[in-house]
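Notes to accompany the following structure.
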Amino acid sequence: MSEAGYTVTATGQVEKVVWDMGDGTQVTCGQGKPWRSIWVHNEASPDCGHMYTKDAEYTITATSYWTVNWSGIGQTGTITLQISDDATLRIAEVQVVNVTTNN
């Protein structure tokens, strides 16, 4: 960013994400991996995950921990940030039975 002839550069990176799963469990993950279309058959998470043991509605909170390094105008520094958001998720088991009909 530049203003009035001065330039400041900042670069941020997520260090970890802590998930409060709403059932008393916290899961700490690294930076995560982008979703891939081959992960569609209930495969386990490639780097972290959680399995609920009962059907219920859960409020899940994700908190990301960032480190931002900046420099400019002859100065440098580091800023740490925590950013949180939550969502409510309904967990329910669904069982399916295939039935053949003779028409």
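Read-outs: derived from the displayed coordinates by stated rules, not from any lab. Note that the coordinates shown come from a computational prediction; the quantities given were computed from them, not determined experimentally. Here Cβ is always computed from backbone atoms with ideal geometry, including for glycine, and neighbour counts include all displayed protein chains.
Observations on the structure shown:
- Residues of segment 1-17 that are within 19 Å of residue 79 (Cβ to Cβ) and of a type in the set (A, V, I, L, M): 1, 8, 10, 14, 17.
- Subset of segment 63-83 (residues that are exposed (fewer than 11 other Cβ atoms within 10 Å of the Cβ) and assigned to a strand (DSSP E or B)): 75, 76, 77, 78, 80, 82
- All positions within segment 46-76 that are under 30 Å from residue 88 (Cα atoms) and either in contact with a Cys (Cβ under 8 Å, 6 or more places away or on another chain) or among the hydroxyl-bearing types (Ser, Thr, Tyr) (or both): 47, 48, 52, 53, 58, 59, 61, 63, 64, 65, 67
- If you go through segment 24-34 and keep only what is surrounded by 14 or more Cβ atoms within 10 Å (Cβ to Cβ) and part of a loop (DSSP other than H, G, I, E, B), you end up with just 32.
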